[in-house]
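Undergrad: Provided herewith is a single structure, encoded as structure tokens, for subsequent inquiry.
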Amino acid sequence: MSMNSNLSHPYRYLFISFAIVFVGGMGYYLWRNKRKVLHINYRLFDSKDIPGSGDCMDRRLIRMLIALEKETQLPIFKWINSGARSPAHNARVGGVKNSSHLIPLCQAVDIHASTLEIQRKIAYTAKAIGFKRIGVGSNFIHLDIDEKKRQNITWGYPAGNRPPFNPFAS
Ligand SMILES: [Zn+2]
């Protein structure tokens, strides 16, 4: 006796319909999540001394970086110089004591930017996206979303120096 013989016609079609919707829905869900996972490699944000630590990165910051990459058409994720930092790593690279890069806050990134033109493009687009804190280094742009610090500010390096341009001026 097969299972089919117990299912009258209307139920059989109902069952098949549900099965198709369920399998299709699962497929769509997995496809979407795979795309999300594949897009972001959190290892790019690792503190150099702690493999896997880049997982701590603030997800709102990551979403803003995805928007930044889309808007600028620049390989922002390939150009991440620094994301998460352990206190030891932060000290080694000369970060400030209350750095927004520090684990577990993980709310800052440094993006390699080799020319003034690229720096300007990243900084002005970042401001348009909603970044409110922008540091301009000699060959990088620092962005953070630390709301405990002063907002709508641009600075140069060493920290406190005058930046070459200021998206928040005027
Ligand atoms: Zn930084």
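Values in this text are rule-based calculations from the coordinates and carry no lab data. Note that the structure is a prediction, hence the values are computed from the model and not measured. Because the Cβ atoms are built from the backbone with ideal geometry, glycine has one as well, and the counts that use them run over all protein chains shown.
Undergrad: Considering only the range 100-133, state which residues are part of a helix (DSSP H, G or I) and either surrounded by 19 or more Cβ atoms within 10 Å (Cβ to Cβ) or within 16 Å of the ligand (Cβ to nearest atom) (or both).
TA: Residues of the range 100-133 part of a helix (DSSP H, G or I): 116-129.
Correct list: 119, 122, 123, 125, 126.
Undergrad: Here is a further query. What is the one condition in (1) in a loop (DSSP other than H, G, I, E, B); (2) surrounded by 12 or more Cβ atoms within 10 Å (Cβ to Cβ); (3) within 16 Å of the ligand (Cβ to nearest atom) that residue 138 does not satisfy?
TA: With respect to (1) in a loop (DSSP other than H, G, I, E, B); (2) surrounded by 12 or more Cβ atoms within 10 Å (Cβ to Cβ); (3) within 16 Å of the ligand (Cβ to nearest atom), residue 138 is out only on (2).
Undergrad: Tally the residues that are within 12 Å of the ligand (Cβ to nearest atom), more than 18 Å from residue 41 (Cα to Cα) and in a loop (DSSP other than H, G, I, E, B), restricting the search to the range 84-97.
TA: Total meeting the criteria: 4.
Undergrad: Also, I was wondering about something else. I'd like to check something: does the range 144-155 contain any residue that is outside any loop (DSSP other than H, G, I, E, B) and surrounded by fewer than 16 Cβ atoms within 10 Å (Cβ to Cβ)? Talk me through it step by step, then tell me what you get.
TA: Of the range 144-155, the ones outside any loop (DSSP other than H, G, I, E, B) are 144, 153-155.
Now narrow it down to the ones that are surrounded by fewer than 16 Cβ atoms within 10 Å (Cβ to Cβ): 153.
There is at least one residue in the range 144-155 that is outside any loop (DSSP other than H, G, I, E, B) and surrounded by fewer than 16 Cβ atoms within 10 Å (Cβ to Cβ).
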